[in-house]
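This report refers to the structure that appears directly beneath it.
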Amino acid sequence: MTGYSTYADLVGYMWGSAAVIGLEMLPILGRVSPDVPWDVLEVHAIDLGYAFQLTNFIRDVADDLRRGRVYLPQESLDQFGVDRARLARGRVDEPIRNLLAWEIERARSLYRSAEPGIELVRPTSRDCLRTASRLYEGILTEIERADYDVFSGRVSVGISRRAMVGLTGLQGAVRARRDAPRSTG
């Protein structure tokens with residue numbers, strides 16, 4: 001059985017599964033200016049990676065549990081009186097609802113912390129990051145709309161919302177590329 005005692009323990013896992021990927025993307029996304037220190041940009045990239053990963057953990061509670069894994073920290077489960085047996089019943093009750101609401105707020109806090117970093121990357125990269133961030137954060141909203149039922153099926157952002165956010169992002173990306181200075185040589 002996989003589990004993590006504390007949020008700090010989970011962050012240790014997420015470092016290798018999510019944060020490092022965000023850091024690896026930074027040279028591709030680029031800085032808006034050489035005046036933006038890499039370490040400032042890195043903090044935002046790490047938080048966005050953590051936000052994406054935590055969103056997955058919240059959405060995938062039932063699937064992960066079937067695989068013998070619980071990624072929500074044990075300290076959070078304990079805080080709300082939730083154990084693996086309660087999760088395994090696959091029914092949303094008040095303690096599970098409160099647990100998931102708590103973790104959703106933690107994820108949203110990470111999205112808020114990461115958001116200023118989007119303005120620090122090259123304009124041609126911003127719309128892609130905004131689109132991914134909005135769609136992933138939208139999963140949290142859909143979980144709330146489903147009354148925190150992460151057991152009956154995989155919660156996702158609806159196709160019309162994905163299309164709208166994606167089209168808006170595509171339009172912004174096309175504009176940014178059109179307006180980007182051309183390099184010669």
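None of the figures in this text is laboratory data; all of them are computed from the coordinates on show. Because the structure is a prediction, the values reported are computed rather than measured. So basically every Cβ, Gly included, is an ideal-geometry build from the backbone, and we count neighbours across all protein chains shown.
What order, most packed first, do the peptides 65-71, 112-118 have when packing is the mean number of other Cβ atoms within 10 Å of each residue?
Peptide ranking by packing, descending: 112-118, 65-71.
Between Arg31 and residues 5 or more places away or on another chain, which pairs have amide H atoms under 5 Å apart, with H built 1.01 Å from N, and which residues are they?
Under 5 Å from the amide H of Arg31 lie the amide H atoms of Arg122, each far enough along the sequence or on another chain.
Considering the alpha-carbon set of the stretch 52-122 alone, what are its Rg and its Dmax in angstrom?
Final numbers for Rg and Dmax: 14.2, 47 Å.
Quickly rank 73-86, 25-38 as a protection proxy: mean count of other C-beta atoms within 10 Å, highest first.
Ranked by mean Cβ neighbours within 10 Å, highest first: 73-86, 25-38.
Using the alpha-carbon centroid of each, what span in Å lies between the stretch 81-117 and the stretch 1-65?
About 17 Å separates the Cα centre of the stretch 81-117 from the one of the stretch 1-65.
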